[in-house]
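The values are calculated or read from the model by the stated rules, or taken from the named source; none is laboratory data. The structure presented is a predicted model; accordingly, all values stated were derived computationally and were not measured. Note that we place each Cβ from the backbone using ideal geometry, even for glycine, and neighbour counts take in every protein chain shown. Ligands, DNA and RNA are stripped out before the accessible areas are found, and what is left, the full protein with its side chains, is counted by its heavy atoms. Shrake-Rupley method; radii C 1.70, N 1.55, O 1.52, S 1.80 Å.
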Amino acid sequence: MSYNKEMLENDKVQFTFDVDQADWKSAIDEAYNKSKNKYQVGGFRKGHVPRKVIESMYGVGVFFEDALDIILPKYYAQAMDAEKELVPVDRPEIDINAISDTTLKFTATVQLKPTVTLGQYTGLTFKKEKVKVSKEEMQAEIDKALESAGAWEDITDRPAQLKDKVLIDYSGSVDGVKFDGGTAEKQPLELGSNMFIPGFEDQIVGMRIGESKDITVKFPEDYHAEELKGKDAVFAVKLHEITVKNVPAYDDEFVKDVSDCETVKEYEAQIKEQIKADKEKRANAKLENDMVEKFAELASVNVPECMIESQAEQMVEEFEYRLMYQGLNKDDYYKTTGTKREDLIKTYHESAAKNVRIKLVLSAIMDDIKIPVGDEDVDAKIAEMAEAAGKSVEEYSKGMNDEYRGYIRNELVTDKLFAYLMNNNTIE
């Protein structure tokens, strides 16, 4: 196989191929053999119609499309294997220059990973957020633990109050007409959670078990359902159950139940360290983000649109996965919010462009400083992970494939990269 290569503007390359006649003939033969069972011609058994007969009936190019599907990927892949320094980031655009039963000439144009011209990435000054733990943050964690340990108990001797959990039936209507999604039975609701339309939960406060009541509310002007925006609605509500969460006393006994501490004092010291560690982690993440954004700003790179589109698509897929993880259906989400998947992709376009630019610049910095990570580093990390899991290295690494080792290697490279950047810039 032979080809000509031409480097184009905007980090593109074009290959021009003159396909060997024997290869093209073989591809047409293969296409014929794959599809000959589709043709029924009088006088021939199905699947045994000669190629020339089919071509005489449907034209000499009847098998060209299937043959192109065979030959084009083969030739393009061979060219890319020979040009290992080229990194494509998109599918090639194919143009057929000449085609007959004996001749095939075509070009393949593909977008390459763009060239990055690095700016300054050492000797800069960055500010890191100072980590402090307030009394309010401590109390919030304690309250969360108490709330989590609390138990719901039925209430029958008083009306509903804020923070109660109630079980209700409701049926909503606008101008006397019920609307989609406005009716439910035995619906749980925590009063004060603001999960319903503003004013709805407040009007349930004071109701007693078995009581029915009409609640009047107004849909917000920015409500997701166009037909309900700004409309007055009436909900017929019936209250079935009231439960309240009783939280335990905050003392040494509670601390022993929910932690490995013996006293409130020990517990609070532990909570403080946990909050501090979490805030330190967030402060480091923000610092790293500030640094890479600055390096990307100082670098020069033309980000191809195909890479931005691919990143935006990936971000939407991650969003849809989070919906699924929360038990929500993505189609229901789009229907409820009145949006389309294409709209979400457009929304992510700007942040996708920023993310791709940062990734390209970080990759260029890695190439520039040539961070060494060998097999011994990967082995040491695996040993560390095995120890943390309480297993032997042999047991932990059993079934571990090259792909996972590659993932560990990339993590080590990233860690070393940021250690280098921290050491070669001023952090205030």
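Only one entry of PHE295, PHE319 meets the criterion of being in contact with a Leu (Cβ under 8 Å, 6 or more places away or on another chain), within 30 Å of TYR420 (Cα to Cα) and part of a helix (DSSP H, G or I), and that entry is PHE295.
For the stretch 393-428: of the residues being assigned to a loop (DSSP other than H, G, I, E, B) and at pLDDT 90 or above, which is surrounded by the fewest Cβ atoms within 10 Å (Cβ to Cβ)? Out of the qualifying residues, it is GLU428. Restricting the search to strands (runs of 3 or more DSSP E) fully inside the stretch 133-205 and requiring at least 2 residues that are crowded, with 16+ Cβ neighbours inside 10 Å and either touching a residue at least 24 places away in the same chain (Cβ under 8 Å) or touching a His at 6+ places or on another chain (Cβ under 7 Å) (or both) gives 165-174, 177-190.
When LEU228, LEU323 are checked against the criterion of being surrounded by 17 or more Cβ atoms within 10 Å (Cβ to Cβ) and either at pLDDT below 95 or touching a strand residue (DSSP E or B) at 6+ places or on another chain (Cβ under 9 Å) (or both), LEU228 stands alone in meeting it. Taking the criterion of being among the aromatic types (Phe, Trp, Tyr) and touching a helix residue (DSSP H, G or I) at 6+ places or on another chain (Cβ under 6 Å), the residues of the stretch 314-363 that qualify are TYR333, TYR348.
Flag not set for GLU129, criterion: open to solvent by 80 Å² or more (accessible area, probe 1.4 Å) and either touching a Gly at 6+ places or on another chain (Cβ under 6 Å) or part of a helix (DSSP H, G or I) (or both). When each of ASP81, ASP29, ASP20, ASP66 is tested for being touching a residue at least 24 places away in the same chain (Cβ under 8 Å) and either surrounded by 15 or more Cβ atoms within 10 Å (Cβ to Cβ) or not hydrophobic (A, V, I, L, M, F, W, C) (or both), the lone residue that passes is ASP66. Could you go through the stretch 52-63 and let me know if any residue there is under 23 Å from SER310 (Cα atoms) and in contact with a strand residue (DSSP E or B) (Cβ under 9 Å, 6 or more places away or on another chain). Checked against the condition, which is being under 23 Å from SER310 (Cα atoms) and in contact with a strand residue (DSSP E or B) (Cβ under 9 Å, 6 or more places away or on another chain), the stretch 52-63 yields no hits at all.
Regarding the stretch 256-274, can at least one residue be identified that is assigned to a loop (DSSP other than H, G, I, E, B), over 30 Å from SER363 (Cβ atoms) and open to solvent by 60 Å² or more (accessible area, probe 1.4 Å)? Checked the stretch 256-274: at least one residue is assigned to a loop (DSSP other than H, G, I, E, B), over 30 Å from SER363 (Cβ atoms) and open to solvent by 60 Å² or more (accessible area, probe 1.4 Å). Residue count for the stretch 128-172 satisfying the condition of being more than 18 Å from MET207 (Cα to Cα) and out of contact with any strand residue (DSSP E or B) (no Cβ under 8 Å at 6 or more places or on another chain): 20. For the stretch 382-392, a tally of residues being open to solvent by 60 Å² or more (accessible area, probe 1.4 Å) and not small (Gly, Ala, Ser) returns 3. Scan the stretch 354-402 for residues that are free of Cβ contacts under 8 Å to residues at least 24 places away in the same chain and closer than 13 Å to ALA299 by Cβ and the total you get is 2.
Taking the conditions exactly as written (open to solvent by less than 50 Å² (accessible area, probe 1.4 Å), closer than 28 Å to LYS128 by Cβ and within 19 Å of the chain's Cα centre (by Cα)), does ALA296 satisfy them or not? Here the answer is no, as ALA296 does not meet what is asked. Quickly run through the stretch 339-375 and pick out the residues that are open to solvent by 50 Å² or more (accessible area, probe 1.4 Å), in a loop (DSSP other than H, G, I, E, B) and among the hydroxyl-bearing types (Ser, Thr, Tyr). Selection gives THR339 alone. Listed here are the helices (runs of 4 or more DSSP H) enclosed by the stretch 1-95 that have at least 1 residues being closer than 30 Å to VAL301 by Cβ and among the aliphatic types (A, V, I, L, M): 64-82. Residues in the stretch 383-422 that are more than 25 Å from the chain's Cα centre (by Cα) and among the small types (Gly, Ala, Ser): ALA383, ALA386, ALA388, ALA389, GLY390, SER392, SER397, GLY399, ALA419.
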